[in-house]
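Written below as structure tokens is the structure these notes are about.
The values are calculated or read from the model by the stated rules, or taken from the named source; none is laboratory data. A quick note: this is a predicted structure, and the numbers were derived from the prediction, not measured. In this analysis, Cβ positions are derived from the backbone assuming ideal geometry, glycine residues included, and neighbour counts consider all displayed protein chains. These accessible areas exclude ligands, DNA and RNA; they are computed on the full protein's heavy atoms, side chains included. Shrake-Rupley method; radii C 1.70, N 1.55, O 1.52, S 1.80 Å.
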Amino acid sequence: MGIVLENAILADIDPPRVEFGSLRIDGGRIVERGKSVSRELGDEVVDCAGAVVLPGLVNGHAHLYSALATGMPPPPRAPGEFREILELVWWRLDQALDAESIEMSARIGALDALRCGTTTLSDHHASPNCIGGSLDLIEEALAEVGLRGVLCYETTDRHGPDGREAGLEENRRYLEKHYGRPGNRFAGLVGAHASFTLEDETLGQLAGLAADFGTGVHMHVAEDLCDEEDCQARHQQFLIDRLVNARLLMPESVFAHCTHLDPEAIARVSQAGLTVAHNPRSNMNNAVGYPLVASFRCPVMLGTDGIGSDMFTEAKCAWFKSRDERAGVTPNGVLGMLAHSARRASAALDITLGKLEPDAAADIVITDYRPSTPLTSHNLAGHFIFAMGANHVASVIVNGEWKLRERVVAACDEPTVRRCAGDVAQVLWSRMEAIRTD
Ligand SMILES: [Zn+2]
């Protein structure tokens, strides 16, 4: 029994392509696309009434652990530079996380993502007082809501050797769990915080772990100038050289931000063919600067860095910030970043995401956006950036199953979950406030 979506504006982003037509879905995949498609007995037929249908969107760099941070109490003093933002805000939050709040954060983050048409997240998790099994908690929450995930644990040396070992072990455990068992729903990467909280020995262990599993390292790179300055002060070398020497520039790696790489470092990252995750809202929020995204010759994808999973808004901000910087990014370049998010997750999950074509995953967003002006393959990016938004997401199918139907979540009683989340957030915030910062 399949699903037929007919009378739809099929809007592909990889590459941009707009056609009026229909899709037939069966067995978790798209099986047919055309002006009209065949129907089989028992198929559910949905009239999209001329609305835009998109592939499920992908968040290339997420921090689900921040989902219960909305409105949390301010830090004991206003943070100045980037490192203080981490010390006073995010490193207090991650230390306060326990199993209950990790799972609830992931569940709320997943619900928020679903409502934005984001069906896959590449998450980067940290909970230094609850490391072992934390990625399973996130997987369970994502699976319950119905999303896909590429997960990793943020290895760091900021909690000593025991914390480092536990982080590495959680990555290894999770990679082993999915290694050689392609379920196409979840996969692992090797997670690492950033050069400025990682010792040389740890970098070597991260590279070794990635090599063991034929995967890459997902880490923050040159998000703020402090990463480069720390590297030169503590290791007497440029950051890019330290990463090259540690064998972290592998094609499977994901480098988030790359805000402060110079043209030579950008050339080396480009040559490695790894994927850069651009997070414009986070970069503006932390006032760390703007990466030269148009200079990279390797894939640049789009992530939110923990500010929800609304890829419509992230794409708009990528565009507006690039204009403000006179960075030479085109509207199709912004859509291309979304396409690269889907491609990177596709590679990790061994499935085709981000395309409305036969054999691709049936991860589909049905909007109620009915354009008031002509919509073509050539101006899709203009509609996406200037008119469409998460508010147009009406229904979402993941792996061929309805997960959001006419704005109602299928998996759970959403109001009840959100009420419970409020209680969990209150306790989490209390624990966080008790953590000293001096
Ligand atoms: Zn991040």
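A few remarks follow.
- Alpha-carbon centroid distance for the pair the range 116-193 / the range 347-384, whole angstrom: 28 Å
- Charge dipole of the chain about the Cα centre (unit charges at C-beta), most positive-ward option of Cys226, Ile102, Ile397: Ile397
- Potential extension, Arg326-Gln426 segment - 0.36 nm per residue separation minus Cα distance: 31.7 nm
- Neighbourhood net charge (15 Å Cβ-Cβ; Lys/Arg +1, Asp/Glu -1) for Gly328: +2
- Backbone geometry of the range 110-117 corresponds, through the Karplus equation with coefficients 6.51, -1.76 and 1.60 at θ = phi - 60°, to 3J(HN,Hα) couplings of 5, 4, 4, 5, 4, 5, 9, x Hz, x marking Gly and Pro.
- Coupling constants for the range 141-153 follow from the phi torsions by the Karplus curve (6.51 cos²θ - 1.76 cosθ + 1.60, θ = phi - 60°), and in residue order they are 5, 5, 5, 4, 6, x, 9, 9, x, 10, 10, 7, 9 Hz; glycine and proline get x.
- Residues listed by number, the range 93-110, amide nitrogen under 20 Å from Ala410 label point at 7 Å toward C-beta: 107-110
- Rounded to the nearest 10 degrees, the inclination of helix 331-349 to the longest alpha-carbon principal axis of the chain is 80 degrees.
- Cα-based equivalent ellipsoid of the chain: semi-axis lengths in Å, sorted from largest, via gyration tensor: 35, 24, 21
- With a simple spin-label model that places each label point 7 Å from the Cα along the Cα-to-Cβ direction, the separation between Glu87 and Arg158 comes to 1.0 nm.
- Residue-level accessible surface for Glu252, protein heavy atoms, 1.4 Å, Å²: 70 Å²
- Residues Arg234 and Ala211, FRET efficiency given R0 of 25 Å [Cβ-Cβ distance, rounded to 0.05]: 0.50
- Rounded to the nearest 20, the Cβ-based charge dipole of the chain about its Cα centre (Lys and Arg +1, Asp and Glu -1) stands at 1060 debye.
- Counted charge near Val145, where neighbours are those whose Cβ lies closer than 9 Å (Asp, Glu -1; Lys, Arg +1): +1
- For Thr304, net neighbour charge (Lys/Arg +1, Asp/Glu -1) across residues whose Cβ lies under 9 Å away: -2
- For the range 56-73, putting each phi into the Karplus relation 6.51 cos²θ - 1.76 cosθ + 1.60 with θ = phi - 60° gives couplings of x, 8, 10, 8, x, 8, 10, 10, 4, 5, 8, 5, 9, 8, 4, x, 5, x Hz, in residue order, rounded to whole numbers and with x for Gly and Pro.
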